[in-house]
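Some notes on the structure that comes next.
The values are calculated or read from the model by the stated rules, or taken from the named source; none is laboratory data. Only a predicted model underlies this, so the values are computations on that prediction, with no experimental measurement involved. As a convention, Cβ positions derive from the backbone with ideal geometry for all residues, glycine included, and neighbour counts pool all protein chains shown. Ligands, DNA and RNA are excluded from the accessible area calculation, which covers all protein heavy atoms including side chains. Shrake-Rupley method; radii C 1.70, N 1.55, O 1.52, S 1.80 Å.
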Amino acid sequence: MSATTRPRPRPAPQTGAAVWLATELNAADWMVPVGTEEAAELEAALTAAQAAAPVPPLARLAPILVDVVARLDTGRGFCLLRGLPFDRHGAAAAEATLLGLCTHLGKRLSAEGSPVARLIGPLPEAGAASGPPRFHSEACDAIALLCLANTPDAAPHVLISAGAVHNEIMRRDRAALAELYEPAPLIEDGVVVERAVFTMTEGAFAARYTRHAVEAAATTPQPGAAPLSAGLRPAFDLLDAVCAETSLMLKLEPRPGDLLLFNPHLVWKRRTLAEAGPDDPEAPQEFRRLRITMEHSRRTGAAGA
């Protein structure tokens, strides 16, 4: 179906556990309890990895990770595991053990180089504070963000429910919401594709923040590409204003050893860290990121037209 004959979307309010306000949540809604026996099991795995031995099976952690998958797919869309000794055996052992742990969640996203990326902070003040917000928008079903070092004065990590943003835009301006359901050209991995911010596929809601990629594509339009809708930039402005509402922004302060997992199609996390090379010097904030694909994927729905 061509863009000229594509039926206009008819958005409906989003419901369910993934539609939340920060003011409605407490730690019990997103913290996953980890007992001493599970922590000891991971300690043994880290010790093995540090010695370059195979990581043993994580039998005690497996049921917890099954619960994590449910939380990411049909729950709040994110969770945090605290009490694991990830930060006690060095970065290489933590990365190897993270890979073993995430086999219980799905498959790591294939990419060039190491599947585990090093992220560091803090970002320069000017880059962190100016312009529209930047969120993780990777084409994966879950992002695992492991904290190895963090400073007490570090900026909090901000998470926002995409469904709550959707509903607030619907409340304020239905025409703007309809614009955000329309695919627009954007640049992804150097290629121009079309994607909407909000999509519904077979009843599954997915959302990806695309403003920077859309505006980058608009500065170098492709031959024959349709111009951006006049209403898209005002719709982006409204979306950014909604994302700045304090009632929507859940602020977390990761501790060394914490493992934060979130579904980027349901929960938008502001970028507070930058990718770094393995040979770069240690930074006050040291994190590792692993991108995961899961059996029940929302990526197809979020892939656009």
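At a glance:
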read-out: Residue tally, condition among the acidic types (Asp, Glu) and not in a helix (DSSP H, G or I), over region 207-259; value: 3
read-out: Cβ pairs under 9 Å, 6+ apart, first in region 197-213 and closer than 14 Å to residue 15 by Cβ, second modelled with pLDDT under 90 and polar (S, T, N, Q); value: 204/300
read-out: Flag for residue 71 being part of a helix (DSSP H, G or I), among the charged types (D, E, K, R) and under 16 Å from the mean Cα position of the chain (by Cα); value: yes
read-out: Out of 180, 159, 148, sole residue that is over 22 Å from residue 242 (Cβ atoms) and at pLDDT 95 or above; value: 148
read-out: Residue count, region 104-131 (criterion: within 18 Å of the chain's Cα centre (by Cα) and either part of a helix (DSSP H, G or I) or at pLDDT 85 or above (or both)); value: 12
read-out: Selection from region 186-203 of residues that are open to solvent by 30 Å² or more (accessible area, probe 1.4 Å) and at pLDDT 90 or above; value: 200
read-out: Complete set of residues in region 18-39 that are open to solvent by less than 60 Å² (accessible area, probe 1.4 Å) and in a helix (DSSP H, G or I); value: 22, 27, 29, 38, 39
read-out: Yes/no for residue 58 being closer than 16 Å to residue 257 by Cβ, part of a helix (DSSP H, G or I) and modelled with pLDDT under 95; value: no
read-out: Filter pass, residue 282 being farther than 21 Å from residue 109 by Cα, modelled with pLDDT of 90 or more and open to solvent by 20 Å² or more (accessible area, probe 1.4 Å); value: yes
read-out: Residue list for region 176-196, filter: in contact (Cβ under 8 Å) with a residue 60 or more places away in the chain and either under 15 Å from residue 235 (Cβ atoms) or of a type in the set (Asp, Glu) (or both); value: 176, 177, 178, 181, 182, 183, 194, 195, 196
read-out: Inter-residue pairs, beta-carbon under 8 Å, first closer than 23 Å to residue 177 by Cα and of a type in the set (Ser, Thr, Tyr) and in region 241-253, second open to solvent by 10 Å² or more (accessible area, probe 1.4 Å) and assigned to a loop (DSSP other than H, G, I, E, B), 6+ apart; value: 247/21
